[in-house]
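The values are calculated or read from the model by the stated rules, or taken from the named source; none is laboratory data. Everything numeric in this text was worked out from a predicted model, so none of it was measured. Positions of Cβ are backbone-derived with ideal geometry, glycine not excepted, and every protein chain shown enters the neighbour counts.
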Amino acid sequence: MTTTTAAVLRDTESPLTIEEIEVGELSAGEILVKIRGVGICHTDISAAHGMIPIPLPTVLGHEGSGVVQAFADDVEGFEVGDHVTISFDHCGECGQCTAGHPAYCEVFAALNYFGTRMDGTTTLSKGEEEISGNFFGQSSFAAHAICSKNNAVKVDKDLPLELLGPLGCGLQTGAGSVINVLKAQEGQSIAIFGLGGVGLGAVMAAKAVGCDPIVVFDLNEDRIALAKELGATIGFNPSEHHDLLWDVMKEVAPGVDLSFDCVGHGPVIRQALEVLKSPGHCASVGFQGLANEITIDQGHLLLGRTFSGVIEGDADPKTFIPHLIQLYRDGKFPFDKLIKTYPIDQINEAIADSEAGKVIKPVIVFDA
């Protein structure tokens, strides 16, 4: 058993509390990681506000990176001291996993949201009190986390380890949606709605594969400026346009080949479909809660357009994270420009800054 410092969610109406808790013994297939950094994702914030049903008390965090401290006897391919980034968990055995689509694992919900192992046991506790862990197979808002051999990805030791965690979710979601789902090609045009970490990950991926033009939409002028620095060619602030579609078409008529929604509001999704050529493909990852109903004009689809929902960029982290790291090494995926770091005792300030739009990707860092 390992004692560690963690940010614990006890009440969806209250801030996270910094507490000393215990990390239990490893079970089959598990790895103990000393966390060096963990990104704060919109999904963590949604869970903290009760938009995702999870058992309390719990430790959130699902964009962790760190150093392997120990592993179960059946774990192969890892050594103590290895640097890893941690992504979503998956079984590795079902039809979706073996077909290269682990984001659609048949037991994804149980492995990532239920707060326990598949056998019902918890990885975390405080004295006699059980604390739900296993959030996305890690619960890495803590100085130590238990993850799975399936969601730990080894990375080279010369990389900035404390910054790599967001590659496991937000950046992977944005880039994977462009590369794996929309299958963007050089010379294709793309529109990206919402410029948080996911949207800007999509911008960098679109630039890396050679999309042109790259049209971006956000209410925050600073984010539009950053998107242009990262490769976007045209930016729109919807609040400044009486007829947004008309103004977009002045620039990209008869429309774009691809579009990507990171917002999840019905009107935004409608716009993401309206800016498409026919045929065209719109992918959506925006999330506004489990009861978020949207209405789509069937006419948009009958014109040959495709609308796809996406989880985790339909990526296999074992191969896609190394791909993003190579793009980073090549200067084509400068994700570090999105990051601001905070110590663990400032995690609530980091969440507030993220919600206020003051920072794109907050990352909590721990001592080496």
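Being under 22 Å from V181 (Cβ atoms), over 16 Å from the mean Cα position of the chain (by Cα) and not assigned by TED's automatic domain parsing to the domain that holds R223 is the requirement here; does Q346 meet it? I'd like the intermediate steps shown before the answer.
Details: under 22 Å from V181 (Cβ atoms): no; over 16 Å from the mean Cα position of the chain (by Cα): yes; not assigned by TED's automatic domain parsing to the domain that holds R223: yes.
Considered against the rule, which asks whether it is under 22 Å from V181 (Cβ atoms), over 16 Å from the mean Cα position of the chain (by Cα) and not assigned by TED's automatic domain parsing to the domain that holds R223, Q346 comes out as no.
Being surrounded by 20 or more Cβ atoms within 10 Å (Cβ to Cβ), modelled with pLDDT of 95 or more, in contact with a Cys (Cβ under 6 Å, 6 or more places away or on another chain) and of a type in the set (A, V, I, L, M) narrows it down to one of V153, V216, V198, so name that one. Even if it seems obvious, please write down each step before you answer.
On the way: V153 fails: in contact with a Cys (Cβ under 6 Å, 6 or more places away or on another chain); V216 fails: in contact with a Cys (Cβ under 6 Å, 6 or more places away or on another chain).
On inspection, the qualifying residue turns out to be V198.
Scan the stretch 321-329 and tell me whether some residue there is charged (D, E, K, R) and either in a loop (DSSP other than H, G, I, E, B) or in contact (Cβ under 8 Å) with a residue 24 or more places away in the chain (or both). Spell out the reasoning first.
Of the residues in the stretch 321-329, the ones charged (D, E, K, R) are 329.
Narrowing the set further to residues that are either in a loop (DSSP other than H, G, I, E, B) or in contact (Cβ under 8 Å) with a residue 24 or more places away in the chain (or both) leaves none.
No, because not a single residue in the stretch 321-329 is charged (D, E, K, R) and either in a loop (DSSP other than H, G, I, E, B) or in contact (Cβ under 8 Å) with a residue 24 or more places away in the chain (or both).
State the number of residues belonging to the stretch 77-105 that are in contact (Cβ under 8 Å) with a residue 60 or more places away in the chain and either surrounded by 18 or more Cβ atoms within 10 Å (Cβ to Cβ) or within 19 Å of P322 (Cα to Cα) (or both). First the steps, then the outcome.
Step one: filter the stretch 77-105 for residues in contact (Cβ under 8 Å) with a residue 60 or more places away in the chain, giving 77-78, 82-90, 100-104.
Pick out the ones that are also either surrounded by 18 or more Cβ atoms within 10 Å (Cβ to Cβ) or within 19 Å of P322 (Cα to Cα) (or both) and you get 77-78, 82-90, 100-103.
Here the count works out to 15.
Tell me whether the stretch 129-137 contains one or more residues that are surrounded by fewer than 23 Cβ atoms within 10 Å (Cβ to Cβ) and in a loop (DSSP other than H, G, I, E, B). Before the answer, list the steps.
Taking the stretch 129-137 first, the residues surrounded by fewer than 23 Cβ atoms within 10 Å (Cβ to Cβ) are 129-130, 132.
In the following step, the residues that additionally are in a loop (DSSP other than H, G, I, E, B) were identified as none.
No: zero hits.
Tell me which residues, restricted to the stretch 80-92, are within 20 Å of G168 (Cα to Cα) and in a loop (DSSP other than H, G, I, E, B). Reasoning before the result, please.
The first filter runs over the stretch 80-92 and keeps only residues within 20 Å of G168 (Cα to Cα), leaving 81-92.
Once the filter is applied, which keeps residues that are within 20 Å of G168 (Cα to Cα) and in a loop (DSSP other than H, G, I, E, B), the stretch 80-92 yields G81, D82, S87, F88, D89, H90, C91, G92.
So how many residues does the stretch 338-368 have that are in contact with a Leu (Cβ under 7 Å, 6 or more places away or on another chain) and of a type outside the set (A, V, I, L, M)? If you could, list the steps in order and put the result at the bottom.
Of the stretch 338-368, the ones in contact with a Leu (Cβ under 7 Å, 6 or more places away or on another chain) are 338-339, 347-348, 360-361, 363.
Now drop any that are not of a type outside the set (A, V, I, L, M), which leaves 348, 361.
Total satisfying the criteria: 2.
Would you confirm, using the coordinates I've provided, whether V75 is assigned to a strand (DSSP E or B) and within 26 Å of L161 (Cα to Cα)? Spell out the reasoning first.
Details: assigned to a strand (DSSP E or B): no; within 26 Å of L161 (Cα to Cα): yes.
Here the answer is no, as V75 does not meet what is asked.
Taking the conditions exactly as written (part of a strand (DSSP E or B), among the hydrophobic types (A, V, I, L, M, F, W, C) and within 28 Å of L167 (Cα to Cα)), does F260 satisfy them or not? Even if it seems obvious, please write down each step before you answer.
Working: part of a strand (DSSP E or B): yes; among the hydrophobic types (A, V, I, L, M, F, W, C): yes; within 28 Å of L167 (Cα to Cα): yes.
Criteria met by F260.
Is it true that D261 is under 20 Å from P213 (Cα atoms) and among the acidic types (D, E)?
Numbers: under 20 Å from P213 (Cα atoms): yes; among the acidic types (D, E): yes.
The answer is yes for D261.
Would you point out which residue out of S278, S284, S239, S259 is closer than 15 Å to G194 by Cβ and surrounded by fewer than 14 Cβ atoms within 10 Å (Cβ to Cβ)? Reasoning before the result, please.
Working: S278 fails: closer than 15 Å to G194 by Cβ; S284 fails: surrounded by fewer than 14 Cβ atoms within 10 Å (Cβ to Cβ); S259 fails: surrounded by fewer than 14 Cβ atoms within 10 Å (Cβ to Cβ).
Only one candidate passes the filter, namely S239.
Can you name the condition, by its number, that S278 falls short on among (1) assigned to a strand (DSSP E or B); (2) at pLDDT 95 or above?
Among (1) assigned to a strand (DSSP E or B); (2) at pLDDT 95 or above, S278 violates only (2).
Being among the hydroxyl-bearing types (S, T, Y) and at positive phi is the filter here, so list the residues in the stretch 41-56 that pass it.
Narrowing the stretch 41-56 to residues among the hydroxyl-bearing types (S, T, Y): 43, 46.
Listed by number, the list is empty, since nothing qualifies.
Restricting the search to the stretch 242-256, which residues are surrounded by fewer than 10 Cβ atoms within 10 Å (Cβ to Cβ) and assigned to a strand (DSSP E or B)?
Correct list: empty.
Within the bounds of the stretch 288-296, is there any residue that is closer than 30 Å to R10 by Cβ, assigned to a helix (DSSP H, G or I) and not acidic (D, E)? Break it down into steps so the answer makes sense when it comes.
Just the residues of the stretch 288-296 that are closer than 30 Å to R10 by Cβ, to begin with: 288-292.
Filter once more, so that each one left must be assigned to a helix (DSSP H, G or I): none.
Looking for residues that are closer than 30 Å to R10 by Cβ, assigned to a helix (DSSP H, G or I) and not acidic (D, E), one finds none in the stretch 288-296, hence no.
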